[in-house]
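Novice: Let me give you the structure first, and then I'll get to my questions.
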Amino acid sequence: MSDIDQGTAYGMAAPSWDDELIEVEPGTPAGELLRRYWHPIATVEEATATPRLVRVLGEDLILFRDGSGKAGLVHPRCCHRGTTLYYGKVEERGIRCCYHGWLFDPEGNCLEMPCEVDGGRYRERYRQPWYPVQDYVGFVFAYLGPPDKKPALPRYDIFENLPSGFSVAADADNIGLEGDPTPCNWFQTQENVMDPFHVFILHAGFSENQFVAEMASMPDVSWHLTDLGMKSYQDRVLPNGDRFHRVTEVVMPNVRIVASPFVERYGPGESVAWTLPISRTETKIFSAIVVPDDFEIPRPLYEGRRWAELSDEEHQRLPGDYEAQVGQGAVTMHSEEHLAGSDRGATMFRHLFRSQVRAVAEGRDPLGVSFTESDARYEILAGNFLNP
Amino acid sequence: MSDIDQGTAYGMAAPSWDDELIEVEPGTPAGELLRRYWHPIATVEEATATPRLVRVLGEDLILFRDGSGKAGLVHPRCCHRGTTLYYGKVEERGIRCCYHGWLFDPEGNCLEMPCEVDGGRYRERYRQPWYPVQDYVGFVFAYLGPPDKKPALPRYDIFENLPSGFSVAADADNIGLEGDPTPCNWFQTQENVMDPFHVFILHAGFSENQFVAEMASMPDVSWHLTDLGMKSYQDRVLPNGDRFHRVTEVVMPNVRIVASPFVERYGPGESVAWTLPISRTETKIFSAIVVPDDFEIPRPLYEGRRWAELSDEEHQRLPGDYEAQVGQGAVTMHSEEHLAGSDRGATMFRHLFRSQVRAVAEGRDPLGVSFTESDARYEILAGNFLNP
Amino acid sequence: MSDIDQGTAYGMAAPSWDDELIEVEPGTPAGELLRRYWHPIATVEEATATPRLVRVLGEDLILFRDGSGKAGLVHPRCCHRGTTLYYGKVEERGIRCCYHGWLFDPEGNCLEMPCEVDGGRYRERYRQPWYPVQDYVGFVFAYLGPPDKKPALPRYDIFENLPSGFSVAADADNIGLEGDPTPCNWFQTQENVMDPFHVFILHAGFSENQFVAEMASMPDVSWHLTDLGMKSYQDRVLPNGDRFHRVTEVVMPNVRIVASPFVERYGPGESVAWTLPISRTETKIFSAIVVPDDFEIPRPLYEGRRWAELSDEEHQRLPGDYEAQVGQGAVTMHSEEHLAGSDRGATMFRHLFRSQVRAVAEGRDPLGVSFTESDARYEILAGNFLNP
């Protein structure tokens, strides 16, 4: 019998994923955890007098900015007869439905019902479902969770007291994708942050070195829990004997703080990014970066061309994060995985995330949620450090 | 607690629609009501020797016209082996399947089975499922209901005894959409006919005045049941003191009789139209219009361009019936509506329609169904009237 | 009551298909029968150092050829973290995943785990799911069934001991479709081989004669079981009194052996083809043909143009096998069929196929499966014969 094939794909069990990690919709355990935090949903420039459709955590919403400069984020279907407010007209005080003219302010209050007697005697009874928003570091942040649990919007130290000549750039480019969403679940994008080993393979060993020489050797790696999430240390001894200590950080649940892999300078990281779950199978990274005034964020190029210009075969030859993560499928199949020692960062992050999903399900507040502005001030830990 | 946000979209119930209003498929209560009436399915010119795929009430069917001039409407799958008759050859006596050559007449009778002994000794046993059709006012009308309940095809007074120099134009343009279906449920298109208030907002107040000055002021509105359906009165006093009395009419279930909103002249309406439910989420309006001979029906233009040529942002700036109705979704969500006083026409039409759905479910004949040609003669009530 | 319409489509039952004939997925009765045979999945030239996605029996797989010339067919998701091996790098000894660099040989053995201690001390524990493949007559054949039931790959007499100046051409053109799959279930394509009557209608009587004069008259037809499947005889007396005896053959389950309908010469057929079930609704024919060296297989043309260049209306006017079979739907609806005497070939094939589905379900080996190379040598029966 020794010549019978072993390990073939015949009879493989149907694959499955882990709902507790990947769900984003309202009412799901993971979706309820995600709803306890503020999320960037667009740049401040994208909120205008022209209504804009945005999708966040699986919900379609309409973003606008009224004539007074106040941004609004509302349920798309008018609470009167259901016509989308995408075709609404934005006015000084709010947005007006095209069908019968009901006018709503950014908090959904109905201000006018022009086809009703007296312009709507009972208009206080009607309210367009809405969500609170705030502008910060160039993005509109929204809170889609239970109103009585609304936290303060976290503020990061590197964006306060900017040195002269520096400002914060809000980059909605989704790392080379020109604003298009990444067609996979957010979790496989986020857990990648705690996986420094892939840098050595995917970004250095596999095709061409996508970063710099300092990053191309195999580091010593360790992972540690923090007050707000977790971090990894990547330690390398450089050829000249210097010790290169790199720290990468995740703030729960979807903040990613990664110092530049191009290591232009040593010191704390200069950016904070958010992995937004658009829907269960769409993801987008928003990055706030401290840059010299008038600095233009360069477009990543592959052999001189933009990612979207590469042929299918070139993507095969030059895979990057997109190919590795979207290549896991719209949602990866956890049942087929075989995690090994180098996956300990992903394992820890999953464990941490799951513990917070369960904390919320049990009625507790999750990690990193603060209810006062003074508590919601975060110091970043990430950076590239030399001989620390 | 007063600063906790009120009325946010968090925790909204899952939306739902009202099946009793929106279903069109065979065997559904609303679908069975719709099947008790004749429906236009194509222009008479569209029934030719080249088989044509048409969809009506969610059913895919093949329309053709045989060599003798008789139109046929048959189930697409050949009753022999299931090949679509879309690839059939139309002959003098009917349509022949391309695969094994069975020939069917417009009533589905099998006339030839050329691969069988004696050309099919038992061919009388086989019949291609078919539906009866009739040509009228330039359209092919079909009856998809129970054979023993087939009514007479209604004829409208304005199309009989046409004045010299006038004829009936059959317009399948779907009001500016160049024949494309409207991608939403038919009911939200049809109930709009009983909603005169939206004219004041959507067509007059919102962007530009899409009609004429006479229509741009808020009317006094009332609604009334009729023998065949319902109607609305819209009364305005014109600046010169004249009383402008406009009547809009729905004949059950999907006939829409609307005098021109351009009010070129006063008097009874000059057209009858049908809101065809193509499928649960596709709709098309067919209009029969009395026009001077050789009159060409003008294409609606928006700022000089065709609807399909407008950019997405221009559709946002110039919304019309399409945006308002398709903007309610492929099927609107009745559970999220908040109807007000000005919606009384829609409410009455829903009530009327629902009562007829239930009448059919209980074995009664629905409103407006006549079984003799003499009874199936309808006078239209709609029009624009001056000082009536 | 005699004027009530008879036989209309009103109240037709919901249609259904016969699962036992059409399923292809793992674990389904028909899918398990299909998995007991070798199937061509690509040409040998299509297995290269660039990973290629192939779909077979509803399974997505990655085909490659390593640096030593050995073809490999593996499950697409890397057994480590699930990234598709489509973005893998093919090396001398196998394929390496882009994400963390695990290297697998063509039989799925894990050779390297570069991010693990010592390059993966426990790598023998991991195996990428794979399937065995063999090159034959210009195609890569794969076996997707239970390993302990793997049969020998059948070899056909006409491809052994080729006459000098002749070779075997591997044609993956899918009969005029330039390699594109046919969008319907494989069974309706395969049973067509046992349906010689359609030749007389579809290919001769319907539009233009697609073949030759010898084929254009109605034959006497009979069907017969064989040791490996079934065959049909089509006998015609030619105008000159000669007897033209044509034999068409199916080897279970999906081999189709059809002599040229252009009858360039008399004698045994010169090709063997396979109807590959790509998925439940995608099918492709691979043909191995004995041809003179350097012979180029001509593209079928319709009125001088390629099939894909014809307009929709031209396809209606010139239907062929594609229109007849795809015109039955993505999966035909067996419940709506009315089989007649001329369908006896299809009926017999369905009966034969069903008996083998059940044989496998009951634990027996299906028809035509041989476990030694010497037994797996098949003589073809098909051909065009004169005065036999």
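Novice: State the Cα centre-to-centre distance between the range C:15-51 and the range A:5-79 in whole Å.
Specialist: The two parts, judged by their Cα centres, are 38 Å apart.
Novice: Between copies, how far does the label point of B:Gly241 sit from its twins, in nm, shortest first, when each point is 7 Å from Cα along Cα→Cβ?
Specialist: Its label point is 10.9, 10.9 nm from the equivalent points in the other copies.
Novice: Also, quick follow-up: Quick check: net charge around A:Val258, other residues with Cβ under 12 Å of its Cβ, Lys/Arg +1 and Asp/Glu -1?
Specialist: So the surrounding residues net to -1.
Novice: Also, quick follow-up: Would you work out the charge dipole size for chain A about its Cα centre, treating the Cβ of every Lys and Arg as +1 and the Cβ of every Asp and Glu as -1, and quote it to the nearest 20 debye?
Specialist: Numbers: 36 positive and 59 negative charges, 250 e Å.
Rounded to the nearest 20 debye, it is 1200 debye.
Novice: Please give the per residue accessible area of the protein assembly as shown, computed with a probe of 1.4 Å over protein heavy atoms only, in Å².
Specialist: Ligands and nucleic acids excluded, the figure is 40 Å² per residue.
Novice: So how strong a dipole does the range B:300-388 carry about its Cα centre when Lys and Arg Cβ are +1 and Asp and Glu Cβ are -1, to the nearest 20 debye? Show your work: numbers first, answer last.
Specialist: Numbers: 9 positive and 15 negative charges, 72 e Å.
Dipole of the range B:300-388, to the nearest 20 debye: 340 debye.
Novice: Enter the per residue convex hull volume of the range B:294-388, computed from alpha-carbon coordinates, in Å³ rounded to the nearest integer.
Specialist: In the range B:294-388, the Cα convex hull volume per residue is 268 Å³.
Novice: Take the alpha-carbon positions of the range B:13-58, form their convex hull, and give its projected area averaged over all directions (one quarter of the hull surface) in nm².
Specialist: Averaged projected hull area, Cα only: 4.7 nm².
Novice: How tilted is helix B:344-361 with respect to the longest principal axis of chain B? Cα atoms for both, answer in degrees (0 to 90, nearest 10).
Specialist: Orientation of helix B:344-361: about 30 degrees from the principal axis.
Novice: May I ask you to report, in nm to one decimal and beginning with the shortest, the distances from C:Ala152 to the same position in the other copies, taking label points 7 Å along Cα-to-Cβ?
Specialist: So the label point of C:Ala152 gives 8.1, 8.1 nm to the other copies.
Novice: A follow-up question, please. From the helices alone, meaning DSSP H stretches of at least four residues, give me the mean residue ellipticity at 222 nm for chain B, per-run term -39500 (n - 2.57), in deg cm²/dmol to the nearest 500.
Specialist: Result for chain B, helices only: -3000 deg cm²/dmol.
Novice: Sticking to Cα atoms, compute the Rg of chain C to one decimal and its Dmax as the biggest Cα-Cα distance, whole number, in Å.
Specialist: 23.2, 89
Novice: I need the phi-derived Karplus couplings for the range A:132-148: 6.51 cos²θ - 1.76 cosθ + 1.60, θ = phi - 60°, integer Hz, Gly and Pro marked x.
Specialist: For the range A:132-148, the Karplus-derived couplings read x, 9, 9, 7, 7, 6, x, 10, 8, 9, 10, 10, 9, x, x, x, 6 Hz, x marking Gly and Pro.
Novice: For a Förster distance of 51 Å, can you work out the FRET efficiency between the beta-carbons of A:His351 and A:Asn387, rounded to the nearest 0.05?
Specialist: Given R0 = 51 Å and the Cβ-Cβ separation, E is 0.95.
Novice: With +1 on the Cβ of every Lys and Arg and -1 on the Cβ of every Asp and Glu, and nothing else charged, how large is the dipole of the protein assembly as shown about its Cα centre, in debye rounded to the nearest 20? Walk me through the numbers on the way to the answer.
Specialist: On the way: 108 positive and 177 negative charges, 352 e Å.
Roughly 1700 debye, rounded to the nearest 20.
Novice: Sequence neighbours fewer than 8 away in the same chain don't count; with that in mind, list the aspartates and glutamates whose C-alpha is under 17 Å from C:Lys149.
Specialist: A:Asp3, A:Asp5, C:Glu32, C:Glu362, C:Asp365, C:Glu373, C:Asp375
Novice: Calculate how many DSSP beta bridges within the protein assembly as shown are antiparallel, expressed in % of all such bridges and rounded to the nearest 5.
Specialist: Beta bridges within the protein assembly as shown, antiparallel portion: roughly 95 percent.
Novice: Ok, one more. How many angstrom lie between the C-alpha centres of the range B:122-137 and the range A:94-154?
Specialist: Answer, in whole Å: 56.
Novice: Another one. For q values of 0.04, 0.05 Å⁻¹, compute log₁₀ I(q)/I(0) with the Debye formula on a Cα-only model of the protein assembly as shown, without solvent.
Specialist: Taken in order of the listed q values, log10 I(q)/I(0) reads -0.30, -0.47.
Novice: Further question: Got a sec? Charge dipole of the range B:11-79, +1 on Cβ for Lys and Arg, -1 for Asp and Glu; which of B:Met12, B:Ser68, B:Pro51 is way out at the positive end?
Specialist: Projecting each Cα onto the dipole axis, the largest value belongs to B:Ser68.
Novice: Of the accessible area of the protein assembly as shown, with the probe set at 1.4 angstrom, what percent is carbon plus sulfur?
Specialist: Carbon plus sulfur share of accessible area: 50 percent.
Novice: Please work out the Cα convex hull volume for the range A:160-257 and give it in Å³ per residue.
Specialist: Numbers: hull volume 16.3 nm³, N = 98.
Dividing the Cα hull volume of the range A:160-257 by its residue count gives 167 Å³.
Novice: Next question, about the same structure. Would you be so kind as to identify which of C:Val360, A:Asn109, C:Pro292 lies farthest towards the positive end of the dipole of the protein assembly as shown, taking Lys and Arg as +1 and Asp and Glu as -1 on Cβ and the Cα centre as origin?
Specialist: C:Val360
Novice: Which of these, A:Gly368, A:Gly327, A:Gly119, has the largest mean-square fluctuation under a Gaussian network model of chain A (Cα springs below 10 Å)?
Specialist: A:Gly119
Novice: Determine which lysines satisfy two conditions relative to C:Lys70: a Cα distance under 22 Å, and not lying fewer than 8 residues away in the same chain.
Specialist: C:Lys89, C:Lys150
Novice: While we're on this one: Taking the Cα centre of each part, how many Å lie between the range B:194-268 and the range C:334-354?
Specialist: Cα centroid to Cα centroid, the span is 61 Å.
Novice: Now for a different question. Consider a paramagnetic label point 7 Å from the Cα of C:Tyr266 along Cα→Cβ; state which residues of the range C:228-248 have an amide N under 17 Å from it.
Specialist: Backbone N within reach: C:233-248.
Novice: To continue, here is another question. Given a Förster radius of 60 Å and the C-beta distance between A:Val237 and C:Ser167 as r, what FRET efficiency does 1/(1 + (r/R0)^6) yield to the nearest 0.05? It would help to have the intermediate numbers written out before the result.
Specialist: Values: r = 61 Å, r/R0 = 1.01.
Working from the Cβ atoms, E equals 0.50.
The values are calculated or read from the model by the stated rules, or taken from the named source; none is laboratory data. Quick caveat, the model's predicted, so the values are computed rather than measured. Positions of Cβ are generated from backbone atoms using ideal geometry, with glycine treated the same way; all protein chains shown enter the neighbour counts. We work out accessible area using only protein heavy atoms, side chains counted, and drop any ligands, DNA or RNA first. Shrake-Rupley method; radii C 1.70, N 1.55, O 1.52, S 1.80 Å.
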